[in-house]
Amino acid sequence: MRGMWGFLSGLVFGLGLILSGMADPAKVQNFLDLAGAWDPSLAFVMGGATLTTFLGYRLVWRRAAPVLNPAFDLPTSRAIDRPLLTGAVLFGTGWGIGGFCPGPALTALPLLAPGTLVFVPMMILGLWIGARLKSSPAFIKGTAA
């Protein structure tokens, strides 16, 4: 049952990405290009997503537990540290250069566009390297950059 709901949620998310234009890297790059051919249309997508998330959280927090889980799984750390900032910078840089973040990249993968076929393997490589760095002794001690 949980797998079916996950599949349906992913399907709705993917359709939303395609319909909104978020799966088109040129549209995303034009949105990020404030000094050039700026396309503000994705601001409406982000505004709609923000409103939906805000309302959704207000409804969900009224429950004692999620529908398909015995308890909420919330992060315990609220620290803004070097790994968080480094990850944010790398994510934003990759998004700006490639025009993709992970969700839209995977959604656009069936289109077999050359940019997508390069971005997704490099994203997977980056995830693998990040996991290796995070589990390294230097990272755990806090001495890694």
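The listed residues are Leu68, Leu59, Leu109, Leu74, and the only one of them that is in contact with a helix residue (DSSP H, G or I) (Cβ under 8 Å, 6 or more places away or on another chain), of a type outside the set (Val, Ile, Thr), more than 16 Å from Lys134 (Cβ to Cβ) and loosely packed, with under 12 Cβ neighbours inside 10 Å turns out to be Leu68. Scanning region 29-47 for residues that are of a type in the set (A, V, I, L, M) and within 19 Å of the chain's Cα centre (by Cα) turns up Leu32, Leu42, Ala43, Val45, Met46. So for region 61-75 (the condition being within 16 Å of the chain's Cα centre (by Cα) and among the β-branched types (Val, Ile, Thr)), does at least one residue qualify? No, region 61-75 has no match at all. Of all residues in region 1-32, those being at pLDDT 85 or above and in a loop (DSSP other than H, G, I, E, B) number 0. In region 62-89, the residue that is nearest to Ala138 (Cα to Cα) out of those that are among the hydroxyl-bearing types (Ser, Thr, Tyr) and in a loop (DSSP other than H, G, I, E, B) is Ser77.
The values are calculated or read from the model by the stated rules, or taken from the named source; none is laboratory data. It should be emphasised that the depicted structure is a prediction, and the values quoted were computed from it without experimental measurement. Here Cβ is always computed from backbone atoms with ideal geometry, including for glycine, and neighbour counts include all displayed protein chains.
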